[in-house]
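The values are calculated or read from the model by the stated rules, or taken from the named source; none is laboratory data. Treat the numbers as computed from the prediction; the structure is a model and nothing was measured. Please note: Cβ atoms are built from the backbone with ideal geometry, for glycine as well, and neighbour counts cover all protein chains shown. The protein model used for the area step is the full one, side chains on, heavy atoms only, and it has no ligands, DNA or RNA in it. Shrake-Rupley method; radii C 1.70, N 1.55, O 1.52, S 1.80 Å.
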Amino acid sequence: MTYTIQQELTIHDLAKDKIRSLHDELNDKKVCLTDHQRDQLLRELQRYQELLYANRIIRVKEMGLSK
């Protein structure tokens, strides 16, 4: 599925916000997370980081092809 540049930027912004939120939750000293909760948060964080990386690679490839 292809997205317009505006859609890609919106997805990128939403993913960055989610990553920030996950980082905050993982590093919050006031909340004590169980090992299971921490593992789930780390897996979710990794998925969002991989999504951003994959989208960046696709954008770079598309920009290279359009030149």
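For the reader, a short list of remarks on this structure follows.
- For the chain, the per residue solvent-accessible surface stands at 87 Å², with DNA, RNA and ligands left out and a 1.4 Å probe.
- Only helices enter the 222 nm calculation for the chain: every DSSP H run of n ≥ 4 contributes -39,500 (n - 2.57), and dividing by all residues gives -29500 deg cm²/dmol, rounded to 500.
- Label sites at Ile57 and Gln40, each approximated as a point 7 angstrom past Cα along Cα to Cβ, lie 2.9 nm apart.
- Rounded to the nearest 20 debye, the dipole size of the chain about its Cα centre is 240 debye, using +1 on the Cβ of Lys and Arg and -1 on the Cβ of Asp and Glu.
- Degrees between helix 5-27 axis and first principal axis of the chain (Cα, 0 to 90, nearest 10): 20 degrees
- Kirkwood analysis of the Cα pair distances in the chain returns a hydrodynamic radius of 13.5 Å.
- Neighbourhood charge, 14 Å Cβ-Cβ cut-off, centred on Ile11 and excluding it, Lys, Arg +1 and Asp, Glu -1: +1
- Close Lys-Lys pairs in the chain, where close means Cα under 26 Å and separation is 8 or more or interchain: 6
- For region 5-65, with +1 on Lys and Arg beta carbons and -1 on Asp and Glu, the positive-most of Tyr48, Asn27, Gly64 along the dipole: Gly64
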